[in-house]
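First the structure, in the form of C-alpha cells, and then the observations on it.
Any read-out appearing in this document is the output of simple, stated calculations on the displayed coordinates, not a laboratory observation. Since the model is a prediction, treat every value here as computed from it, not as a measurement. Neighbour counts run over all protein chains shown; Cβ positions are idealised from the backbone, glycine included.
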Amino acid sequence: MESLIIRVDASAQIGTGHLMRCLALAQAWKDGGGEVTFITACHDEGLLQRLRDEEFDVKLLPSAYPDTADWNFTRDILTGHPGARVVLDGYHFDEVYQRQVKEAGYRLLVIDDMAHLKHYYADILLNQNLGAEQFDYSCESYTRLLLGTCYVLLRREFLSWKNWKREIPEVAWRILVTMGGSDSENHTLKVVQILQKVDMPALEVTVVIGASNPHADELEAAARQSRIPIRLISNEKNMPELMAWADVAISAGGSTVWELVYMGLPIMVVVLASNQEAIARSLQERGGGYSFSREQVQRLLLNRTMRMTINQNRKSIIDGCGAKRLMTILRDEK
C-alpha cells in the first residue's frame with residue numbers, strides 16, 4: 001500500500017487552511033487505496049479529531065520548525081515509510097527543510113501560495129490559486145509546476161454537490177460569514193458590525209466560528225445585541241450545506257474562497273494577509289466575486305444579475321477535478 005506523509009500545521013496564528021486542503025488531498029489518496037500519515041504541531045483537538053475520524057495516522061510534534069526537533073521527529077517517521085510521497089504545506093518549510101526531505105531520498109510535493117522562497121526543491125510544486133501562473137518560481141530542473149485552479153483541492157463533502165443547481169432569488173437575504181479557522185484579529189466582529197449598517201431589515205446572517213477562533217464569547221455577545229438575526233456555528237463540519245443555504249458569502253481570501261466558488265455562491269472577499277491580495281484581485285477579474293464593503297453588500301443583495309453572472313462563471317474557474325488530477329501525477333512519480 002502506497003504511503004503519503006503530510007507535514008502540515010494549524011494554529012490561531014497561521015490559520016487552518018493549510019491543514020484543511022491537505023485533508024482534501026489525504027481523502028483523495030485514501031480513496032485511491034493509499035495510506036496517510038499526518039505529522040503536525042497542531043494541538044487543536046477538534047481538528048485532530050477530524051483527521052482521526054478519517055482513520056488517518058496522526059503524529060503530534062511538540063514544536064514546529066525551525067525547532068530542530070521538528071526535522072528529527074519527521075525523519076524518524078519517514079524512515080519507517082520507504083518509498084512514501086512527502087507533502088509540505090506551510091510557509092515555514094523553507095529551502096533547508098525541503099532539501100532535507102530530498103536528501104533523505106523521498107519524492108516531495110510542496111503546496112505554496114505566493115512564491116516567497118528564493119528556491120524550491122520539490123518534485124512537484126502546487127499553487128492552486130488564480131493568478132499562480134504569473135509567479136516566477138525558482139526551482140530545480142526536475143520540478144513539475146502545477147499552477148492554477150484546475151488543481152484546487154476540494155474535500156469529499158464538496159464533491160458530492162457537483163450536480164447541484166443554485167436558485168438565484170430576486171433579492172438575497174441570507175448571508176454566510178466565514179473568516180477562516182482562526183481569525184486571531186477578530187475580523188468576524190468587524191464584518192458583523194458593518195452588516196448592522198446595511199439597510200435591509202429582513203437579513204439573516206450565519207457566522208461560522210472556526211475551530212481555532214479565540215473570540216467566541218465576544219461574538220456571542222455581539223449576536224445577542226444585533227438588530228438582525230445572527231446564528232453562530234462553531235467548528236462546522238458540513239460547510240457545503242451552509243453554502244447551499246446562503247445567497248451571498250463574506251469570506252477571508254484563503255482556500256475557503258475556492259469552496260465557495262465551486263458551490264456557485266457570490267463572494268465578497270476580506271483580505272486578511274498579503275498572500276490573499278492576489279487571490280481577491282484575480283477573483284474579481286474573472287467575475288467570481290468582489291471586495292467587501294457595506295456598499296458592495298447592499299449592491300450584491302439587490303442585484304440578481306450580478307449574482308447570476310458570478311454563479312455562471314464558477315465552472316470556468318473550478319471544475320472539481322483538481323484532487324483527481326493531482327493523484328494521477330503523484331502516483332506516476334517514481
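A simple rule links phi to the HN-Hα coupling: the Karplus curve 6.51 cos²θ - 1.76 cosθ + 1.60 with θ = phi - 60°, which for the stretch 93-103 gives 7, 7, 4, 4, 5, 4, 5, 5, 5, 5, 5 Hz, with x for Gly and Pro.
Here are several values of mean projected area of the Cα convex hull in nm²: [x] 19.2; [y] 15.9; [z] 17.7. Which one was derived from the coordinates shown? Read-out taken from this structure: [y].
Expressed in whole Å with the largest first, what are the equivalent ellipsoid semi-axes of the stretch 159-317 derived from the C-alpha gyration tensor as the square root of 5 times each eigenvalue? Let's see the in-between values first.
On the way: eigenvalues 99, 63, 47 Å².
Calculated on Cα positions only, the semi-axes equal 22, 18, 15 Å.
With the simple spin-label model, which puts each label point 7 Å out from Cα in the Cβ direction, the MET200 to LYS59 separation comes to 5.0 nm.
Converting phi to 3J(HN,Hα) with the Karplus coefficients 6.51, -1.76 and 1.60 and the offset θ = phi - 60°, the stretch 63-73 yields 7, 9, 3, x, 4, 5, 5, 4, 5, 4, 5 Hz in sequence order, with x at every glycine or proline. Checking every one of the GluC sites (Glu not before Pro) in the stretch 185-276 against DSSP loop status and a limit of 13 other Cβ atoms within 10 Å picks out GLU185. Highest mean first, the peptides 266-277, 296-307 sorted by other C-beta atoms within 10 Å per residue fall in the order 266-277, 296-307. Amide H contacts of MET268: ALA249, ILE250, SER251, TYR290, each under 5 Å away and 5 or more positions distant or on a separate chain (H built 1.01 Å from N in the peptide plane; Pro and chain starts excluded). Of interest is the spacing of the C-alpha centroids, which for the stretch 205-248 and the stretch 79-118 amounts to 35 Å. Projecting label points 7 angstrom from Cα along Cα→Cβ for TYR142 and SER234 puts them 4.8 nm apart. Each residue of the stretch 226-231 was assigned a 3J(HN,Hα) from its phi angle through the Karplus curve 6.51 cos²θ - 1.76 cosθ + 1.60 (θ = phi - 60°); the sequence is 5, 7, 10, x, 10, 9 Hz, with glycine and proline shown as x. Once backbone amide H atoms are built at 1.01 Å from N, ALA122 has GLU140 as its partners under 5 Å, excluding neighbours fewer than 5 places away on the same chain.
For the chain, the longest principal axis of the Cα atoms and the long axis of helix 304-317 meet at an angle of about 10 degrees. Here's how it looks for ILE39: its modeled amide H is under 5 Å from those of ILE6, ARG7, VAL8, LYS59, which are all 5 or more places away or on a different chain.
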